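Novice: I'd like to ask some things about the structure below.
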Amino acid sequence: MSALLDLDGSRALAFDAALGAALAAAIVTGRGFHLRSIRDKELRPGLRPAQVSAVRAALLACDASVGGAFDGSPELRFEPSAPRGGDFTLGL
């Protein structure tokens with residue numbers, strides 16, 4: 001397995017888009033990432049509930065190993081396995 005990419009979440013202007021791109025790239029390439037300092041300069045730093053839902057959806061698509069996927073988390077570790085197809089219920 002490749003080393004995790006180290007990403008800085010404090011500098012993303014459009015954090016939702018950056019998170020979505022990181023999740024998609026990880027699933028497609030099989031290379032995980034460690035996202036740190038998530039929105040640390042914002043009034044409410046860390047992951048928001050909608051972002052946690054996006055991580056959980058990505059987790060279902062590839063049986064990833066995930067750490068820090070909770071509201072307010074200052075960092076996220078996402079290590080994908082092979083992508084899989086199917087019908088998924090997210091319960092959003």
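Novice: With all protein chains present, calculate the accessible area of VAL55 using a 1.4 Å probe and round the result to the nearest 10 Å².
Specialist: 0 Å²
Novice: Okay, next question. Extending each Cα 7 Å along its Cβ direction at VAL28 and SER81, get the distance between those two points in nm, one decimal.
Specialist: So the two model labels end up 2.3 nm from each other.
Novice: Angle check, please: helix 15-29 long axis (alpha carbons) against the longest principal axis of the chain (alpha carbons), in degrees 0 to 90, nearest 10.
Specialist: 30 degrees
Novice: List the trypsin sites (Lys or Arg not before Pro) within segment 14-46 that DSSP assigns to loop and that have no more than 11 neighbouring Cβ atoms inside 10 Å.
Specialist: Here the trypsin sites (Lys or Arg not before Pro) that fit, given the DSSP loop and packing criteria, are LYS41.
Novice: Can you compute the FRET efficiency between ALA21 and LEU43 using 1/(1 + (r/R0)^6), with r the Cβ-Cβ distance and R0 = 25 Å? Round to the nearest 0.05.
Specialist: Values: r = 24 Å, r/R0 = 0.96.
Efficiency, rounded to the nearest 0.05: 0.55.
Novice: In what sequence, largest accessible area first, do ASP63, ASP8 appear using a 1.4 Å probe?
Specialist: Values: ASP63 85, ASP8 50 Å².
From most accessible down to least: ASP63, ASP8.
Novice: Helix 49-62 sits at what angle to the longest principal axis of the chain, using alpha carbons and giving 0 to 90 degrees rounded to 10?
Specialist: 20 degrees
Novice: Compare ARG77, ARG11, ARG48 in a GNM of the chain, Cα atoms joined below 10 Å, and give the one with the largest fluctuation.
Specialist: Maximum among the listed residues: ARG11.
Novice: What residues qualify as long-range amide H neighbours of GLY72, i.e. H under 5 Å apart, gap of 5 or more or another chain, H built at 1.01 Å from N?
Specialist: LEU47, ARG48
Novice: Relative contact order for the chain using alpha-carbon pairs under 8 Å, separation at least 6, rounded to a whole percent?
Specialist: Values: 168 pairs, mean separation 27.3, N = 92.
Taking the mean separation of contacting Cα pairs over the length of the chain, I get 30 percent.
Novice: Something else: In the set (1) 29; (2) 34; (3) 17, which value of percent of Cα pairs over 23 Å apart was calculated from the structure you see?
Specialist: (3)
The values are calculated or read from the model by the stated rules, or taken from the named source; none is laboratory data. Everything numeric in this text was worked out from a predicted model, so none of it was measured. For neighbour counting, all protein chains shown are included, and Cβ atoms are generated from backbone atoms with ideal geometry for every residue, glycine included. Surface accessibility is based on the protein's heavy atoms, side chains included, excluding ligands, DNA and RNA. Shrake-Rupley method; radii C 1.70, N 1.55, O 1.52, S 1.80 Å.
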